[in-house]
Amino acid sequence: MPYQAPRGTHDILPSEIYRWQAAEQAFLRLVTQYGYREIRTPIFEDTELFVRTSGDTSEVVTKQMYSFKDKGDRDLTLKPEGTAPVMRAYLEHRLAGDGQPVRLCYVATPVFRYERPQKGRYRQHHQLGCELIGVASPEADAEIIEIAVRTYQALGIGSLQVKLNSIGRAATREAYREALLAHAQPVLKDMDPEDRARAERNPLRMLDSKDPVMIEALQKAPKVLDYLEPESKSTFDSLCSILAEAEIPFVISPEIVRGLDYYTDTVFEVHSTALGAQTALCGGGRYDGLLKALGGPPTPSVGFGMGLERALLVQESQGALPTEPQVAAFLIAADEAGRARLRSLAAELRTTGLAATYDMDGRSLKAQIKLADRIGAQYAVILGETEIAEQTATVKELLSGNQTVIPQSQLAQYLAKEDS
Ligand code: HAM
């Protein structure tokens with residue numbers, strides 16, 4: 001094969017696209033019920049947008065960005081996450097102009113990260129996400145978590161775990177960093193200097209570590225929840241009560257600190273056993289300082305992003321596939337007289353919203369029926385000599401082989417009824 005899709009990227013083929021479309025539509029239907037409106041931002045942005053918000057010690061910025069200079073010498077980066085672009089657009093277009101809150105969502109936005117590809121981890125993936133801008137109340141955090149959970153339910157995915165934590169504000173994190181560094185000293189002194197320097201610059205990253213030695217060493221580490229200031233603590237407690245009241249199961253998980261720097265207070269992830277303990281299906285939280293970092297007014301905001309590929313993997317592993325839409329009618333003509341009628345009949349069926357197609361290569365009757373089967377049509381609609389003379393059609397249901405003769409004038413009605 002001379003050319004292949006770049007490593008870590010995938011073509012989404014016609015045989016699988018219906019699952020993407022079904023998931024995207026289910027998500028959009030759901031979030032519309034909560035008042036979210038879709039926004040689409042460019043595929044690349046100024047590099048600085050991500051450095052400022054995700055943080056210059058985050059893995060995403062230090063190792064994973066697809067950055068390049070364009071012919072005008074601008075520093076640009078393919079979107080490595082969805083939140084900063086949405087907030088940039090929110091500021092640029094003064095979306096708060098009509099008042100807050102502003103509820104925005106994105107549907108299958110492409111996201112690029114230079115990661116080692118493996119199952120569920122790609123260099124281009126796609127996210128469904130929601131950002132609720134302008135509400136400080138924990139009711140907003142609860143709404144975001146509820147939508148994430150309900151999205152998976154809408155996709156037929158069960159057995160999920162919502163992992164919840166709070167990482168507090170600047171003062172909490174300062175004190176906690178010190179405590180964590182002190183606790184990790186015995187491991188840090190044996191680490192290679194580069195990893196050690198990275199851990200010292202941002203000790204919270206150690207909690208994200210996949211290194212078994214580090215995981216073991218941090219088992220008895222101090223918990224960030226014990227360092228929360230009173231306001232953060234009370235927000236977290238209220239959030240837990242609201243979620244319990246809404247019967248959304250969650251576990252408090254001190255190891256969830258998230259890999260991007262913009263979070264404050266609430267952070268959460270949704271996990272599935274189908275993808276392994278380390279791999280999140282969805283991640284999100286509150287980011288009250290992000291807009292200010294972009295030069296806007298301080299604006300409390302909360303949101304999530306979920307990997308669509310990962311959701312579809314779990315959906316498949318749980319056997320919750322949606323049904324693939326079929327071409328309703330494959331029209332078949334026995335001779336030239338039939339062909340002219342076949343074209344006009346296909347046009348009539350399409351005006352009623354039905355899908356109809358036919359052979360254009362002069363195949364034999366038998367070969368046309370074979371083709372109808374191959375494209376997965378529901379019905380073969382046969383126009384033979386008798387049918388043309390009597391203005392009828394023989395309708396053969398391909399799965400059962402049952403066939404019946406219908407007046408052409410009633411064909412659309414018949415197929416639509418059988419289809420529903
Ligand atoms: P994130 O946790 O970096 O958060 O990514 C969100 C989700 O995207 C992950 O839980 C995962 O399902 C999926 N994902 C991430 N990287 C990959 C990859 N390489 N391959 C496949 N799927 C992947 C964010 O991006 C934040 N912007 C979420 C957010 C929105 N926070 C607030 N609002």
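Once Rg and the Kirkwood radius are both taken over the C-alpha atoms of the stretch 176-223, their ratio Rg/Rh works out to 0.90. With bins 5 Å wide beginning at 0, the percent of Cα pairs of the stretch 316-379 falling in each bin runs 4, 17, 24, 21, 14, 7, 5, 4, 2, 1, 0. Within the straight-line cut-off of under 23 Å between alpha carbons, the lysines reachable from Lys396 are Lys366, Lys370, Lys417, sequence neighbours fewer than 8 places apart in one chain being disregarded. Here the Debye sum runs over all C-alpha atoms of the stretch 69-119 as equal scatterers in vacuum, and log10 of I(q)/I(0) at q = 0.18, 0.32 Å⁻¹ comes out as -0.79, -1.22. Would you work out the Kirkwood radius for the stretch 95-177? I mean one over the mean of 1/r across all pairs of different Cα atoms, in Å. Mean inverse Cα-Cα distance, inverted, gives 16.0 Å.
When the trypsin sites (Lys or Arg not before Pro) in the stretch 28-110 are filtered for DSSP coil states and for at most 12 other beta-carbon atoms within 10 Å of their beta-carbon, the remaining sites are Arg40, Lys71, Arg74, Arg94. Relative to the longest principal axis of the Cα atoms of the chain, the long axis of helix 365-374 makes an angle of roughly 20 degrees. Annotation for the stretch 25-104 versus the stretch 113-157: alpha-carbon center distance of 14 Å.
The distance linking the stretch 188-265 with the stretch 324-348 is 62 Å (Cα centroid to Cα centroid, whole angstrom). The aspartates and glutamates whose alpha-carbon is closer than 20 Å to the alpha-carbon of Lys220, local same-chain residues fewer than 8 away aside, are Glu174, Glu178, Asp190, Glu200, Asp208, Asp211, Glu255. The Kirkwood hydrodynamic radius of the stretch 164-297, based on inverse pair distances between different Cα atoms, is 16.0 Å. Taken over the stretch 9-91, the alpha-carbon convex hull comes to 140 cubic angstrom per residue. With only the Cα atoms considered, the chain has a convex hull volume of 203 Å³ per residue. Under a model in which nothing but the beta-carbon of Lys, Arg (+1) and Asp, Glu (-1) is charged, the stretch 176-223 shows a dipole of about 220 debye around its Cα centre. Classify the stretch 3-154: rounded, prolate or oblate, from the alpha-carbon gyration tensor (a ≥ b ≥ c, eigenvalue square roots; a/c under 1.5 rounded; otherwise prolate if a/b is larger than b/c)? Oblate shape, in that a/c is at least 1.5 and b/c is the bigger or equal ratio.
Say the cut-off is 29 Å between C-alpha atoms; which of Lys69/Lys163; Lys189/Lys210; Lys210/Lys292 go over it? In this structure, Lys69/Lys163; Lys210/Lys292 exceed 29 Å between Cα atoms.
For the stretch 329-419, DSSP calls about 55 percent of its internal beta bridges antiparallel. Relative to the Cα centre, the charge distribution of the chain, modelled as +1 at Lys and Arg Cβ and -1 at Asp and Glu Cβ, gives a dipole magnitude of about 600 debye. For Lys417, the accessible surface of its heavy atoms amounts to roughly 130 Å² (probe 1.4 Å, protein chains only, rounded to the nearest 10).
The orientation-averaged shadow of the Cα convex hull for the stretch 329-419, equal to a quarter of the hull surface, comes to 5.1 nm². For the chain, the residue among Gly289, Thr386, Leu76 whose Cα projects farthest onto the positive side of the dipole built from Cβ charges is Leu76. Lys233 contributes about 90 Å² of solvent-accessible surface, heavy atoms of the protein only, 1.4 Å probe. Over the chain, DSSP H runs of length four or greater, each weighted -39,500 (n - 2.57), average out per residue to a 222 nm ellipticity of -11500 deg cm²/dmol.
Heavy-atom accessible area, probed at 1.4 angstrom with all protein chains present, ranks Ser137, Ser317 as Ser317, Ser137, highest first.
The values are calculated or read from the model by the stated rules, or taken from the named source; none is laboratory data. As the structure is a prediction and not an experimental result, all values here were calculated from the model. Here Cβ is always computed from backbone atoms with ideal geometry, including for glycine, and neighbour counts include all displayed protein chains. Areas reflect the complete protein model, heavy atoms only, side chains present, ligands, DNA and RNA absent. Shrake-Rupley method; radii C 1.70, N 1.55, O 1.52, S 1.80 Å.
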